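Novice: Just passing along the structure, written as structure tokens.
The values are calculated or read from the model by the stated rules, or taken from the named source; none is laboratory data. Not measured: the values here are computed from a predicted model. Positions of Cβ are backbone-derived with ideal geometry, glycine not excepted, and every protein chain shown enters the neighbour counts.
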Amino acid sequence: MTSTTEQFADVSATTLLRFATAGSVDDGKSTLVGRLLHDSKSVLTDQLEAVEAASRSRGQEAPDLALLTDGLRAEREQGITIDVAYRYFATPRRRFILADTPGHVQYTRNMVTGASTAELAVVLVDARNGVVEQTRRHAAVAALLRVPHVVLAVNKMDLVDYQESVFAAIAEEFTTYASELGVPEITAIPISALAGDNVVEPSANMDWYGGPTVLEHLETVPVSHDLTACHARFPVQYVIRPQTAEHPDYRGYAGQIAAGAFRVGEQITVLPSGKTSTITAIDALGESVDIAWAPQSVTIRLADDIDISRGDLLAPAGDAPATSQDVLATVCHVADQPLTVGQRVLLKHTTRTVKAIVKEIPSRLTLDDLSQHPNPGQLVANDIGQVTVRTAEPLALDAYADSRRTGSFLLIDPADGTTLAAGMAGESFASAKAVAVVDDEEGWDF
């Protein structure tokens with residue numbers, strides 16, 4: 001069997017696709033991933049032997065391919081996916097980073113993690129059950145996270161006698177729903193992950209389907225993650241001042257370019273202070289370069305000695321984002337404790353963390369009909385809703401629709417560091433509403 005290392009050796013110049021799987025419990029996500037890895041010959045011999053041995057110990061005659069991704073003991077015992085399992089594999093046409101995310105409602109937060117950097121999401125549906133609430137929740141998360149491509153994999157077609165009418169009804173319902181959410185591209189594929197139908201090889205049982213297999217679609221879907229075309233942004237992570245005899249006056253600002261490109265001689269603005277300067281040098285991997293682009297990690301040196309520290313943002317002088325202390329965003333609430341109006345939180349944006357207060361929760365999304373439930377007062381685990389947050393210091397956020405990197409943030413519990421919510425700045429699929437001011441009586445009035 002071909003090793004993963006051997007496959008990667010021949011595809012160093014091919015494109016990379018990051019994708020995530022999602023779906024309800026027992027829809028067959030892990031089995032699909034296992035089938036994808038097995039049939040594309042991306043499984044090492046010892047891995048397959050371990051899966052076969054584990055399957056025999058559980059009384060199964062055929063190898064349970066889901067065990068290729070369900071690595072935690074609790075996952076194997078319960079037969080469900082709990083944590084996000086990342087897998088790396090390649091074909092002669094493309095390299096892949098796959099995030100197998102949980103289907104249980106309790107672990108929706110993990111789906112947010114897995115899909116946050118994905119260019120494509122595979123949403124599985126059990127052909128016997130059709131579109132259920134968790135399917136709609138995953139479609140909403142994919143839309144909020146601006147995942148550009150969504151694949152609807154209608155699984156277990158073998159259990160409905162490969163009927164075209166069953167597939168067509170599910171595909172129409174999901175496509176209508178996802179389109180209303182603003183998902184730009186939806187591809188529906190009928191499959192049987194257990195039998196291998198339309199996963200890697202075309203199915204002989206569904207001659208009425210003329211579209212691509214799952215792997216064929218993954219190999220050919222257009223991938224556009226050119227961060228250099230985005231607004232240039234450089235969050236400062238660390239200030240370098242060696243103050244040695246060799247470098248007595250060296251002052252550099254180190255970090256990873258979040259988007260766009262920076263050039264020597266370019267005028268930049270430092271946010272939130274608004275001060276300007278000119279780039280005099282860019283150091284990358286110990287050498288000076290004239291230009292650097294995302295996602296390179298570099299050190300930028302400026303012509304002027306400006307008070308710059310971790311959390312500041314460098315941007316081109318003519319293309320700097322506006323700063324504000326009022327953040328309107330859509331959030332996916334991921335903590336067990338609710339998020340309430342008036343609650344004190346920490347807001348982490350790139351390398352900057354500031355105190356904040358939840359001033360208002362204008363609405364919560366109702367997944368059944370995509371209506372907005374006004375003024376719910378709080379968001380509980382797995383809720384999706386709009387919030388208005390007032391920060392103690394100005395932040396330079398882009399709209400998430402313009403930049404997934406600099407338009408996203410986390411809300412954190414200041415008491416124990418628990419992540420409360422993942423936020424996307426700006427409007428999503430909700431219309432703008434007037435924001436009421438909430439008086440703060442706890443001393444955190446910004």
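Novice: Is one or more of the residues making up the stretch 406-420 more than 26 Å from Q337 (Cα to Cα) and modelled with pLDDT of 70 or more? Quick ask: steps written out before the conclusion?
Specialist: Here is the first cut: in the stretch 406-420, the ones more than 26 Å from Q337 (Cα to Cα) are 406.
From the residues that got through so far, the ones that are modelled with pLDDT of 70 or more too are 406.
Within the stretch 406-420, one or more residues are more than 26 Å from Q337 (Cα to Cα) and modelled with pLDDT of 70 or more.
Novice: Checking P63 against (1) modelled with pLDDT of 60 or more; (2) in a loop (DSSP other than H, G, I, E, B), which test does it fail?
Specialist: Only one criterion is unmet by P63, namely (1).
Novice: Is it the case, given these coordinates, that A171 is part of a helix (DSSP H, G or I), more than 26 Å from A381 (Cα to Cα) and within 27 Å of the chain's Cα centre (by Cα)?
Specialist: yes
Novice: Mind listing whichever residues of the stretch 280-300 are closer than 22 Å to H247 by Cα and surrounded by 19 or more Cβ atoms within 10 Å (Cβ to Cβ)?
Specialist: I282, V298, T299, I300, listed by residue number.
Novice: While we're on this one: Mind listing whichever residues of the stretch 301-311 are closer than 14 Å to T278 by Cα, surrounded by fewer than 16 Cβ atoms within 10 Å (Cβ to Cβ) and either of a type in the set (V, I, T) or in contact with a strand residue (DSSP E or B) (Cβ under 8 Å, 6 or more places away or on another chain) (or both)?
Specialist: A303, D304, I306
Novice: So if I check each of R109, R73, R146, which one is more than 13 Å from T21 (Cα to Cα), at pLDDT below 75, under 17 Å from the mean Cα position of the chain (by Cα) and not aromatic (F, W, Y)?
Specialist: The unique qualifying residue is R109.
Novice: Restricting to the stretch 345-363, name every residue that is crowded, with 20+ Cβ neighbours inside 10 Å, of a type in the set (S, T, Y) and either in contact with a His (Cβ under 6 Å, 6 or more places away or on another chain) or in a strand (DSSP E or B) (or both).
Specialist: Across the stretch 345-363, the qualifying residue is only S363.
Novice: From the residues in the stretch 113-126 that are more than 17 Å from P184 (Cβ to Cβ) and not in a strand (DSSP E or B), which one is modelled with the lowest pLDDT?
Specialist: Of the residues in the stretch 113-126, the ones more than 17 Å from P184 (Cβ to Cβ) are 113-114, 116-117, 124-126.
Checking which are not in a strand (DSSP E or B) leaves us with 113-114, 116-117.
Working: T113: 75, G114: 78, S116: 81, T117: 83.
Result: T113.
Novice: Determine whether A320 is under 23 Å from G426 (Cβ atoms), in contact with a Phe, Trp or Tyr (Cβ under 8 Å, 6 or more places away or on another chain) and either in contact (Cβ under 8 Å) with a residue 12 or more places away in the chain or not aromatic (F, W, Y) (or both).
Specialist: Details: under 23 Å from G426 (Cβ atoms): yes; in contact with a Phe, Trp or Tyr (Cβ under 8 Å, 6 or more places away or on another chain): no; either in contact (Cβ under 8 Å) with a residue 12 or more places away in the chain or not aromatic (F, W, Y) (or both): yes.
No; evaluated as a whole, the condition is false for this residue.
Novice: Hey, another quick one. From (1) in contact (Cβ under 8 Å) with a residue 24 or more places away in the chain; (2) farther than 23 Å from R233 by Cβ, pick out the condition that doesn't hold for T366.
Specialist: (1)
Novice: What's the number of the condition T388 fails, among (1) surrounded by fewer than 21 Cβ atoms within 10 Å (Cβ to Cβ); (2) among the β-branched types (V, I, T); (3) assigned to a loop (DSSP other than H, G, I, E, B); (4) at pLDDT 85 or above?
Specialist: Among (1) surrounded by fewer than 21 Cβ atoms within 10 Å (Cβ to Cβ); (2) among the β-branched types (V, I, T); (3) assigned to a loop (DSSP other than H, G, I, E, B); (4) at pLDDT 85 or above, the lone unmet condition for T388 is (3).
Novice: Among the numbered criteria (1) of a type in the set (S, T, N, Q); (2) touching a Leu at 6+ places or on another chain (Cβ under 7 Å); (3) at pLDDT 85 or above, which single criterion is violated by N129?
Specialist: (2)
Novice: Now for a separate question. Only one residue in A315, A254 is touching a His at 6+ places or on another chain (Cβ under 9 Å), over 30 Å from P362 (Cα atoms) and not in a loop (DSSP other than H, G, I, E, B). Which one? Give the derivation first.
Specialist: On the way: A254 fails: touching a His at 6+ places or on another chain (Cβ under 9 Å).
On inspection, the qualifying residue turns out to be A315.
Novice: Taking R146 as the residue in question, decide whether it is within 30 Å of F409 (Cβ to Cβ) and in contact with a helix residue (DSSP H, G or I) (Cβ under 9 Å, 6 or more places away or on another chain).
Specialist: Here the answer is no, as R146 does not meet what is asked.
Novice: So is R352 without any contact (Cβ under 8 Å) to a residue 24 or more places away in the chain and within 24 Å of the chain's Cα centre (by Cα) or not? Show your work before the answer.
Specialist: Numbers: without any contact (Cβ under 8 Å) to a residue 24 or more places away in the chain: no; within 24 Å of the chain's Cα centre (by Cα): yes.
No; evaluated as a whole, the condition is false for this residue.
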